[in-house]
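The structure appears below as structure tokens.
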Amino acid sequence: MAGYQPSTYYDSRFRQSPALIRARRPYLGKNAILGLGLSAFALGVYAYTLRAIGQDEFEDVKVPDVPVKPSSEGEWR
Amino acid sequence: MALPAELAARSALSRVCTRCSISLRRQGRTPTANGFLQAAWQQQRPLTAKSSQARHAVNFSSSPAARDVVSKRFSSGSAQAGLSSSSGGSKRVLAPDDLFHSFTNSPIPEIRRRAAFIRQHASCPHHDHQPGGTMAPAHVDFECPDCGLPVYCSKEHWADDYEAHLQICDTLRQINEDDHDLRSGRFFPEFEYAGPQMEEALINMTNWDTFLYTRNFNAINDDRSMRQVTRLLTYPVTIGSIIHELSPYNIKAGGRLTVEGLKSFSALRYTLHPPKSGGGMDVRGLRFEAPPVRIFVLGARAESSLPRDAWVQLAHLFPRARIHLILIGPESMLNRDDEFPLPPRTASNPFGAIVEDRVWPTMKISTIVDYYHTIHKTGYFYPYDPYFDCFVLFHPGLGHPASSHEWEETLPMLLETKAPIIVTGYTQADMERDIDWVNKTAAGEFDVLLEPGENRFRSLRWDLNDLDPQDISAGNWGVWAFRGKRYEATRKSEE
């Protein structure tokens, strides 16, 4: 049969066959550690960013106690 | 085509270890039970030196399985034809869940004949029959109900020695089922091998599974199918895994390769993995090409009848190199006179080599039915070059008492060539016996290239020795490599 032939390493529902699982077994641990490391790094960057932004100080911004009353009403008309 | 009965006798005999059959003959217990055996001895090929000693009757132990498949597939010409003849021609005899049968009452006549052979030749391993025991040696007669093989002379001895038998019983049962599976008449999809390798895809030689996956074989999910296919592929892949540049053996601690080994195999890899030459089909694309790498398989037995598409797997590992596989041994092509009558020895073909050119565009296979040392002495293959030559000895039995004398003359010649020598063994004991023998015979004259140890690409299938059912082995179980010591020129220190 010419053309595309589906890989025999996946079944019709795209689940791994035992042969593929066996072939991947030597790398299972290392791949899991790498995956965990990558996701930890990404999450770390995200968390750090949030923390850095969340700690912004707005103490130096002067906020008047009483809302400033509009000086004249006609200005906006 | 031979008669069915003769074929069956052939394959029954093909299971007997050669070395054991020699020792049998030495003891005068010639196994005359089988007419074929004698016929094989009488049918001596004219020019084999020492033929009287060399006519090992039997093409030995390589798995029955392998042999059968081999002959079936080979005689029908191509893989496809072989497969269709085995699947379509013969109908299915055994169901996949019905593979365990007692050997004596097997539905397959061939296996029944084999059981009879075991009963006639194997002796009971119980300690009463050992020297110093109380009873005379006896042949096996009692068949263990769990593994279906005749292993002891009586039920009492079996029960008495049950602890010892229990250690191998599971493996024997597996052998039993695998043998029935091979004759079950099923379709064998695992014997359709992968084609050429994609240039961009690297091969991972960590183990069988990663190898088959990265070589783009069809998925082999079943353990039994894995055992059947690795029994054949172990021969080419064992060689490839050692000399390939992506070899799993390296000089890191525990990587088993020694510094000398790296030197030797780097030389070979230089030839096996040349850079792209930019050559093409037209005149402007003409380039110089390196001569083929010669892989000498000495003492070739079953591997000389291996299906050629299994050997072509070796060419697929080295797509840019040309390979000349030379199978040499008095037992090569044994029992295959119908298919491959030996060509006459002429001036242009002085050793009557069977040449199969272009089994693949980059691969040529020659088979010579003779001892290697007779050819070596004539200088036929001279000169030897570590960049182009490599010797492989598949379970040679260097240290086996029945065969070591045949290697005594060959070993110094092999060491003299300075080319790497790859040796495999059936079991750890077999391999260590070989190493001891080499240590004793050529002490100080050789360098170890690959530390002895289990072969990553050993046959996963276990094989039975019909002369001794206790003796189970796996094809190419262990592997190691050595070569003759090189004495480099050194400067005398100035004083």
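The values are calculated or read from the model by the stated rules, or taken from the named source; none is laboratory data. This is a predicted model, so every value here is computed, not measured. Backbone-built Cβ (ideal geometry, glycine too); neighbour counts: all protein chains shown. For accessibility, only protein heavy atoms count, side chains too; no ligands or nucleic acids. Shrake-Rupley method; radii C 1.70, N 1.55, O 1.52, S 1.80 Å.
One line per residue, one yes/no per condition, for (1) over 30 Å from B:L415 (Cβ atoms); (2) touching a residue at least 60 places away in the same chain (Cβ under 8 Å); (3) outside any loop (DSSP other than H, G, I, E, B); (4) open to solvent by 30 Å² or more (accessible area, probe 1.4 Å):
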{"residue": "B:A219", "(1), (2), (3), (4)": "yes, no, no, no"}
{"residue": "B:Y235", "(1), (2), (3), (4)": "no, yes, yes, no"}
{"residue": "B:S247", "(1), (2), (3), (4)": "no, no, no, no"}
{"residue": "B:A253", "(1), (2), (3), (4)": "no, no, no, yes"}
{"residue": "B:S277", "(1), (2), (3), (4)": "yes, no, no, yes"}
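Residue-level analysis places A:K30 outside the set of residues that are of a type in the set (K, R), open to solvent by 60 Å² or more (accessible area, probe 1.4 Å) and at pLDDT below 95. Taking segment B:217-275 as the range and being closer than 24 Å to B:I175 by Cα, within 14 Å of chain A (Cβ to nearest Cβ) and not charged (D, E, K, R) as the test, the residues that pass are B:A219, B:I220, B:N221, B:S225, B:M226, B:V229, B:T230. Counting only strands (runs of 3 or more DSSP E) that sit completely within segment B:413-486, those holding 1 or more residues that are among the basic types (K, R) correspond to B:478-484. For segment A:5-13, check the following and say yes or no: at least one residue is away from chain B (no Cβ under 12 Å), under 20 Å from B:Y213 (Cα atoms) and within 31 Å of the chain's Cα centre (by Cα). Yes: one or more hits. Considering the conditions (1) surrounded by fewer than 19 Cβ atoms within 10 Å (Cβ to Cβ); (2) within 17 Å of the chain's Cα centre (by Cα), B:F381 is excluded by exactly one of them, (2). Cβ separations smaller than 8 Å between residues 6+ apart or across chains give the following pairs from segment B:444-464 residues that are β-branched (V, I, T) to residues that are open to solvent by 40 Å² or more (accessible area, probe 1.4 Å) and not in a loop (DSSP other than H, G, I, E, B): B:V448/B:E260.
Yes/no per residue for (1) closer than 28 Å to B:K252 by Cβ; (2) crowded, with 22+ Cβ neighbours inside 10 Å:
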| residue | (1), (2) |
| --- | --- |
| B:H405 | no, no |
| B:I421 | yes, yes |
| B:V448 | yes, no |
| B:E451 | yes, no |
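Has segment A:2-13 got any residue that is of a type in the set (V, I, T), open to solvent by 80 Å² or more (accessible area, probe 1.4 Å) and assigned to a loop (DSSP other than H, G, I, E, B)? Taking every residue of segment A:2-13 in turn, none turns out to be of a type in the set (V, I, T), open to solvent by 80 Å² or more (accessible area, probe 1.4 Å) and assigned to a loop (DSSP other than H, G, I, E, B). Checked against (1) modelled with pLDDT of 90 or more; (2) out of contact with any strand residue (DSSP E or B) (no Cβ under 6 Å at 6 or more places or on another chain); (3) open to solvent by 10 Å² or more (accessible area, probe 1.4 Å), B:L342 passes all but condition (1). Those helices (runs of 4 or more DSSP H) of segment B:90-195 in which 3 or more residues are out of contact with any Cys (no Cβ under 9 Å at 6 or more places or on another chain) and touching a residue at least 40 places away in the same chain (Cβ under 8 Å) occupy B:109-121, B:162-182. A:A47 meets all of the listed conditions (1) more than 14 Å from every other protein chain (Cβ to nearest Cβ); (2) open to solvent by 60 Å² or more (accessible area, probe 1.4 Å); (3) at pLDDT 95 or above but one, namely (2).
Scanning segment B:188-211 for residues that are away from chain A (no Cβ under 14 Å), within 24 Å of the chain's Cα centre (by Cα) and open to solvent by 10 Å² or more (accessible area, probe 1.4 Å) yields B:F188, B:P196.
The criterion of being assigned to a helix (DSSP H, G or I), within 14 Å of chain B (Cβ to nearest Cβ), open to solvent by 100 Å² or more (accessible area, probe 1.4 Å) and under 30 Å from B:E190 (Cβ atoms) does not hold for A:L20.
Scanning segment B:384-398 for residues that are open to solvent by less than 40 Å² (accessible area, probe 1.4 Å) and free of Cβ contacts under 8 Å to residues at least 60 places away in the same chain turns up B:Y384, B:L398.
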